[in-house]
Amino acid sequence: MSITKEVTRPVFPFTAIVGQEEMKLALILNVIDPKIGGVMIMGDRGTGKSTTIRAIADLLPQIEVVEDDIFNSHISDFELMSDSVREKVQNGENVNTAWINVPMVDLPLGATEDRVCGTIDIEKALTEGIKTFEAGLLAKANRGILYVDEVNLLDDHLVDVLLDSAASGWNTVEREGISVRHPARFVLVGSGNPEEGELRPQLLDRFGMHAEIRTVKEPTLRVQIVEQRSKFDSDPYVCLREYKEQQDQLKMRISDAQTLLQNVVIDYDLRVKISEVCGKLDVDGLRGDIVTNRAAKAFAAYNSKNQVEVDDIKKVITLCLRHRLRKDPLETIDSGTKVNLVVNEVFGE
């Protein structure tokens, strides 16, 4: 078994980020349980969206992958391995592995569908009978994080493709009757500025959570943020050493939560109350109910509990529902406040 060590430029430590608790919590919960369905982060320019997303990827423990495999295949989980690796494993062949950092893939705004999904070399397939697949960004993002900045400016068709892959965990490419399928299990993170346009409601609904971030107004906090950034830019390694203990603690906490998650339970009466909140808010479909249940379990696991309590639900439910409410132009309160009012009514203060 071989071990690889990647040399990368320093990344701003996640635990050094001041404020933006909502965004940080949404990212942590999606890392604990990727099936929550990703995060949409909407907020002002220059509020540290990209910095925070890169920082969470850097924080995660390394993963074991099959060596020289373009899909970052898992060595034992069939849901996370390519067909060729599965055949080798089933045939009892020896498969070498390597350790890599969790993949963090940026999707550029001008990306084509071929660049995202990958392509099949038709000429080679027809002349030589060899199925050659050129991996796209979805293959590189398997078992990692796929980040789309300015997702509200991305072509709707591409957003659909991303969301379908994120939901199913697989990407299928078909050309001229030739088909290739590979695992594409990733945490989808989108960010955008509301001033540049909103996402269509049916696309927004497909993101598990929606975090809203605002520019910090408190002068002392602003100074603290500027000083942190300046310190990191002048000597990143000093800053990394300073936060190493906090980073390691959070890394361990996330890892423990991932292990504990499958044992977390949520009582029937709490599940009924979650659905009651969704019903009173007139949320279309059942995605809101499902995501809130998942997020509450992930939050309980994050706090080392194997039983979901009311406070766990209250902490995550706004993140899970605010973007699923029907927009009313005459509404005087924002969607987050509306969710909180109904939650307090159903669960009690």
In segment 55-85, what count of residues is obtained for those that are among the aliphatic types (A, V, I, L, M), assigned to a helix (DSSP H, G or I) and closer than 25 Å to Gly118 by Cα? 3
Thr52 being closer than 30 Å to Arg9 by Cβ, in a helix (DSSP H, G or I), without any contact (Cβ under 8 Å) to a residue 40 or more places away in the chain and of a type in the set (S, T, N, Q): yes
From (1) hydroxyl-bearing (Ser, Thr, Tyr); (2) over 29 Å from Ile32 (Cβ atoms); (3) touching a residue at least 24 places away in the same chain (Cβ under 8 Å), pick out the condition that doesn't hold for Thr47. (2)
Of the residues in segment 86-122, those that are of a type in the set (S, T, N, Q) and assigned to a loop (DSSP other than H, G, I, E, B) number 5
Please enumerate the residues belonging to segment 142-179 that are more than 15 Å from the chain's Cα centre (by Cα) and in a loop (DSSP other than H, G, I, E, B). Glu150, Leu154, Asp155, Glu176, Gly177
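Pick from segment 269-285 the residues that are part of a loop (DSSP other than H, G, I, E, B) and surrounded by 13 or more Cβ atoms within 10 Å (Cβ to Cβ): which of them is modelled with the highest pLDDT?
Leu281
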So which residues in segment 32-83 are buried (at least 20 other Cβ atoms within 10 Å of the Cβ), out of contact with any strand residue (DSSP E or B) (no Cβ under 9 Å at 6 or more places or on another chain) and β-branched (Val, Ile, Thr)? Ile32
Kindly check whether there is at least one residue in segment 126-135 that is out of contact with any His (no Cβ under 9 Å at 6 or more places or on another chain) and buried (at least 17 other Cβ atoms within 10 Å of the Cβ). no
Within segment 204-226, can you find the residues that are touching a residue at least 12 places away in the same chain (Cβ under 8 Å), over 30 Å from Gly285 (Cα atoms) and surrounded by 14 or more Cβ atoms within 10 Å (Cβ to Cβ)? Val216, Gln224, Ile225
Within segment 227-249, can you find the residues that are surrounded by fewer than 17 Cβ atoms within 10 Å (Cβ to Cβ) and touching a Ser or Thr at 6+ places or on another chain (Cβ under 6 Å)? Gln246
Looking at segment 26-39, can you tell me whether even one residue there is over 10 Å from the mean Cα position of the chain (by Cα), touching a residue at least 40 places away in the same chain (Cβ under 8 Å) and farther than 20 Å from Ala167 by Cβ? no
Mind checking which pairs have a first residue in segment 141-158 that is under 19 Å from Phe186 (Cα atoms) and assigned by TED's automatic domain parsing to the domain that holds Gly48 and a second that is among the small types (Gly, Ala, Ser) and in a strand (DSSP E or B), Cβ under 7 Å, 6 or more apart or different chains? Val148/Gly190; Asp149/Ser191; Glu150/Gly192; Val151/Gly190; Val151/Ser191; Val151/Gly192
Yes or no: segment 14-21 includes at least one residue that is small (Gly, Ala, Ser), assigned to a helix (DSSP H, G or I), farther than 26 Å from Ala135 by Cα and at pLDDT 90 or above. no
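The values are calculated or read from the model by the stated rules, or taken from the named source; none is laboratory data. Since this is a predicted model, take the numbers as computed values, not measurements. Quick reminder, even Gly has a Cβ in these numbers, built from the backbone with ideal geometry, and neighbours come from all protein chains shown.
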